[in-house]
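One structure is given here, and the rest of the page talks about it.
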Amino acid sequence: VSQSRYRQYFAIHFFAYSALAALPFKLFEMGGVNPLKAFLLVNLLSVCLLAWSAKVFFGDWIKASACIIVWMLCGGLNYLYWLGPEVMCAAFLTAATFLYLCERRIFASCLVGFAALQNPPIVFALGFLPLLKWVVDYRVDQSIFNNLRTLFRLAFGPITIVAALLGAAIFSSAVLFNLWAFETPNIIMKIATIPSLMGGVRLFSFFYRDWE
């Protein structure tokens, strides 16, 4: 928590995860249920969204279920009961990848924007996904020139531009809030970043916490 320039106190983290949990938090609180379980509900709903997007991509629930099992074994299960945004961010980004490859670019980009609202580096996926779509659709029976022309259409087509702008707008809401409240795009980078702690172990810990 940090004090804003208006002498109000706000959390220094971006707020997507908390925003999604706000309504069930209140409902659980009124119903006598531990309100912290609202965050677990967000985790489970995020995995459900991922399962649906896998079904859209693979075309059947058997392959989608196998995908979810692999995703869980690659760290998802380890974080599922963790009261943090890791599951939400990873599920949204993976779901966005599946949906983008299925031509649902606007929905996919909005998911990227919302995941980036909690974890800012994810916003770069808005530029990566068109390239991934091009790689998946690459035609070996066509000339390099035609494939590059396809890449240009994918990267700068009207739908791609609109989708990227929507995703960027969602992400920008957190940046604009930080500028309004703290006069900096990211208050964490200003007051809670220690460069000496950056290294391979810390990078690994972004994806996997201790199994204990």
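The values are calculated or read from the model by the stated rules, or taken from the named source; none is laboratory data. Only a predicted model underlies this, so the values are computations on that prediction, with no experimental measurement involved. Quick reminder, even Gly has a Cβ in these numbers, built from the backbone with ideal geometry, and neighbours come from all protein chains shown. Just so you know, the surface numbers come from the protein's heavy atoms only, side chains and all, with ligands and any DNA or RNA stripped out. Shrake-Rupley method; radii C 1.70, N 1.55, O 1.52, S 1.80 Å.
Let's see how each residue does on (1) more than 22 Å from the chain's Cα centre (by Cα); (2) at pLDDT 75 or above; (3) farther than 27 Å from Y81 by Cα:
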position	(1), (2), (3)
L132	no, yes, yes
I159	no, yes, yes
V175	no, yes, yes
T193	no, no, no
L197	yes, no, no
F206	no, no, no
R209	no, no, no
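Which number in (1) at pLDDT 90 or above; (2) of a type in the set (S, T, Y); (3) more than 20 Å from the chain's Cα centre (by Cα) marks the one condition that S46 misses?
Here S46 clears every test but (3).
Being free of Cβ contacts under 8 Å to residues at least 12 places away in the same chain and not in a helix (DSSP H, G or I) is the filter here, so list the residues in region 56-87 that pass it.
Answer for region 56-87, where residues must be free of Cβ contacts under 8 Å to residues at least 12 places away in the same chain and not in a helix (DSSP H, G or I): G59, D60.
Could you count how many residues in region 101-120 are under 11 Å from A168 (Cα atoms) and among the β-branched types (V, I, T)?
So the answer is 1.
Residues being of a type in the set (S, T, Y), surrounded by fewer than 16 Cβ atoms within 10 Å (Cβ to Cβ) and assigned to a helix (DSSP H, G or I): count how many of those fall in region 106-148.
Total meeting the criteria: 0.
Name the residue that is most open to solvent (accessible area, probe 1.4 Å), counting only residues in region 60-105 that are among the aromatic types (F, W, Y) and more than 27 Å from V162 (Cα to Cα).
Y81
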